[in-house]
Each structure stands twice: as C-alpha cells, then as structure tokens.
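Working notes, beginning with the structure itself.
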Amino acid sequence: MKPVKISCVVGTRPEAIKMAPVILALRSCGWARVRVIATAQHRRLLDQVLGYFGLVPDVDMDLMQPDQSLALLTARLMTALDECFAADPPDLVLAQGDTTTVMVAALAAFYRRIRFGHVEAGLRTGDRAFPFPEEANRVIADYLSEYMFAPTARARDSLRREGLDAGRIYITGNTVIDALFRVRARRVPLPFALAAGRRLILVTAHRRENFGAPLEEIGAALRDLADRFADVEVVYPVHPNPNVTRPARRLLSGHPRIRLIEPLDYPQFVATMEAACLILTDSGGVQEEAPALGKPVLVLRDETERPEAVEAGVVRLVGPHRGAIVTEAARLLTDPAAYAAVARGVSPYGDGRASERITAVLAQAYGAEVPAVA
Ligand code: UD1
Ligand code: UDP
C-alpha cells in the first residue's frame, strides 16, 4: 500500500512528551510516513524534550517570541501551518492537548480539508474561563477531529455529551503514561543534592489564570511551609514564561530552603517527582504522572479536567489559596495516616500502551495490518 502521510504537530513541552510515544510507535510500523512539524511555540522547553526522545523536526517553524500574546501567536501559527500543509499535504494531522498550537493545527487542517486526529480528546472542566484559553482550544480541536483519542471513559462521555460521533471516539489511555514508564526505567540521579533527612516538596506553576494575585498566594504559601517545617526543602523548577519567573524570583528568592531552579529535562523531572514527598502543581501532565508514581498532589487550581485521580483520593484540589495550600500540605506532612491514604500508586490515566492503541486504530482506518493490542 502507499504510505499514509501523517504530520505530527508539536509546539510545547507537554505536547512533545505526550506525542513522542505516538511518533515513535507510528515510525516503527511500515505503513506510515511520519513527519514531525515543530511550531516551537516553546523553544527551549520543546528542544529539551525532542532531544531526549531523539526526535529531529522535519519542519521547524521557530515561532516563539518572548512574552508572546495569544492573538499574535495564533496568527503566526495559522500562516505557517497553512503554508506547510499546502506545500506537502499530509493525509492526516495529529496533535495532542489544548495549546494554541493544537487548536490552530486542527483549524488549519480543516481549512485544507485534511483529516485531524486529536490525542487526549475530551478533557473538560465545563468552564470556558478555566483553564484559559485551553478549555476553548480543546473543544475546538475535538469538534474538528476525525479521530478522537480519549484517555478515559469519562473523557469519552464528555465528547458524547457534546453530540460528537461515537464512531470517531476511541478510549486509549493517556500517552503521558507511555512516556513516563519509558523514562522512569532509565532511573537517572536527582539533579541536585538533597541533605539527609530532608523532605522534598516539588512545585510547578505556570497557568495563565494563576498570573497575578494567585501566584502571590502560592508564593506566600510556599514561604509559610518552608518556615514552618525545618526539615522541608521546596524545589521549584520555574517555567520560563516571564509572567511566572518575575513573581517567582521576587516572592521566593533568598529563602534557605526554597530552591528556584531552571526547568528540568524530562528524566530529571521524573527523578525529582520520585524523590518528592509531596507535589504542588497547576500542571495538567503532572496531575496524571504523579498518581502513577504514588506521589500525593495538591492541585493549585479550583477546578480540574482530570477528576479521575481526585475521585480516587490521591489528588486534592486546594486552589491557588494560601490558607488551603498550607493547611492541606501541613496535614500531609504531620499526619502519617492521612499521608498514607493519598500516597497510593494508582494510574487512572493509562497503562503505558496508549500509543500502541492509537497506532492500531489508525492502522485499521487506513487499511494496514492491525497489530494486536490489549
Ligand atoms: C503554554 C500553553 C499551556 C501549556 C504550557 C505548557 C497555550 C495558550 N498555553 O503556556 O496550555 O500548559 O504551554 O508549559 O498554548 N518561554 C520561553 N521558553 C520556552 C517556553 C516559553 O522563554 O521554552 C516563554 C516565552 O517568553 C513565551 C512565554 O514563555 O512567550 C509564553 O509561552 P506560551 O507557550 O505562549 O505560554 P505558556 O505559558 O508556556
Ligand atoms: N516537566 C518537565 N520538567 C519540568 C517541569 C515539568 O519535564 O521542569 C514535565 C512534566 O513531567 C509533565 C510536563 O512537563 O510531563 C508538564 O508540562 P507543563 O506543566 O509545562 O504543561 P501542562 O501539563 O500543564 O500542559
């Protein structure tokens, strides 16, 4: 058969982490000709991940600008992706998640009448303002999708409630677990020294709706915790968005047990999650990975599109609120029974075989030999 031309579009760190297993799985089968289109909505963070997985973009649009606005990024993405799809039209465009890159890739493919497949379809909070603008991005991407790869049954149900065609929805698990298991097997050392007896709290925070007052609250809570617990060390790999780096430095520099560090490459970050006793985050991916590693997570948001781990009791929503963050973290740090109840390894988001399932669905759709997958 003629090879199926599949363009995999990646723009940011989490997209690269979650698409890498899919790209590698598709490349290992004979029927697909896979191209990696890097929009480079993120530059440094994207390169860190692509480098680790040995992926070299076939097209690199190098679009990131410092402190980019949503509208201008969207305009540049639309122009560049449209030119790319026009120059060498693929049979299928694949992208993961809810970033500006993904929303525009879906729309640019639609305008060129090219099929679009959405990896991590169906995540919803039901509130267009939270997370902003991601909730709208994923609704648009799903609406325009020929193939919706839902990580969980709940995500499938959300798509069905919106009237999307059941025949185009496939429950696959989340590919982040494929990436996590692959990386964890490498067991790299911690990228910094941790004094004996110290307990590690790992923090990440970067969401747009947390800019401003919420980040101030989060910063104050981290100081409170570091002041109150002399055996605790807070490690915070700071996202390079200037709306994050500026307040993080202002609020947290100078504390002897708070370390602001550069973003870690993926294996180092996984090693740090494994060494942590507690993770505070507003990240989507980290909410999925930490439960699989048995690490309790306090989510620095009031809502989540990933309720499965909350319902399993291993992730708690505390919002970007100083009082709630400190109270809940202190409870876990002082009450071994409460800690044991949340530090349980569960993996509601996948079993590490999502990319195989996605490949099998596409093999079937394009008339190639379908590999057996559980
Ligand atoms: C984006 C996504 C968000 C995702 C996050 C993952 C959108 C609207 N937001 O948010 O959904 O959770 O990525 O991290 O798509 N920067 C650098 N180097 C980098 C990356 C970013 O300097 O490698 C700085 C630049 O100044 C850039 C800014 O961060 O302009 C913002 O990047 P952008 O992708 O627009 O937003 P994020 O907050 O990273
Ligand atoms: N991550 C990483 N290095 C870091 C922080 C996070 O490799 O310093 C990984 C993390 O394991 C997860 C992904 O990046 O897989 C999450 O990315 P991010 O928080 O930027 O985006 P989100 O998941 O919120 O969209």
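The values are calculated or read from the model by the stated rules, or taken from the named source; none is laboratory data. Computed from a predicted model, the values in this text were never measured in an experiment. Every residue, glycine as well, gets a Cβ built from its backbone with ideal geometry; the counts of neighbours run over all protein chains shown. We work out accessible area using only protein heavy atoms, side chains counted, and drop any ligands, DNA or RNA first. Shrake-Rupley method; radii C 1.70, N 1.55, O 1.52, S 1.80 Å.
General remarks:
- Verdict on residue 230 being out of contact with any helix residue (DSSP H, G or I) (no Cβ under 9 Å at 6 or more places or on another chain) and among the aliphatic types (A, V, I, L, M): yes
- Whenever a residue of region 35-59 is touching a residue at least 12 places away in the same chain (Cβ under 8 Å) and farther than 11 Å from residue 17 by Cβ, its partners that are open to solvent by 20 Å² or more (accessible area, probe 1.4 Å) and within 13 Å of ligand 2 (Cβ to nearest atom), lying with C-beta atoms within less than 6 angstrom and at least six residues away or across chains, give the pairs 42/13.
- Candidates 341, 372, 363, 324 - the one that is at pLDDT below 95 and small (Gly, Ala, Ser): 372
- Test result for residue 140, under 17 Å from residue 357 (Cα atoms), among the β-branched types (Val, Ile, Thr) and at pLDDT 95 or above: no
- If you go through region 169-194 and keep only what is at pLDDT 95 or above and on the phi > 0 side of the Ramachandran plot, you end up with just 173.
- Unique residue being more than 30 Å from residue 195 (Cα to Cα) and in contact (Cβ under 8 Å) with a residue 24 or more places away in the chain when the list is 302, 282: 302
- For residue 325: the one exception among (1) within 16 Å of ligand 1 (Cβ to nearest atom); (2) touching an Asp or Glu at 6+ places or on another chain (Cβ under 9 Å): (1)
- Scan of region 50-65 for residues that are open to solvent by 60 Å² or more (accessible area, probe 1.4 Å), within 13 Å of residue 35 (Cβ to Cβ) and among the hydrophobic types (A, V, I, L, M, F, W, C), ordered by number: 56
- Among the numbered conditions (1) within 16 Å of ligand 2 (Cβ to nearest atom); (2) buried (at least 18 other Cβ atoms within 10 Å of the Cβ), the only one that residue 68 does not meet is (2).
- Checked against the criterion of being of a type in the set (A, V, I, L, M, F, W, C) and within 24 Å of residue 289 (Cβ to Cβ), the candidates 220, 213, 193 yield just one match: 193.
- Residues in region 104-122 that are open to solvent by 10 Å² or more (accessible area, probe 1.4 Å) and touching a Pro at 6+ places or on another chain (Cβ under 8 Å): 112, 114, 120.
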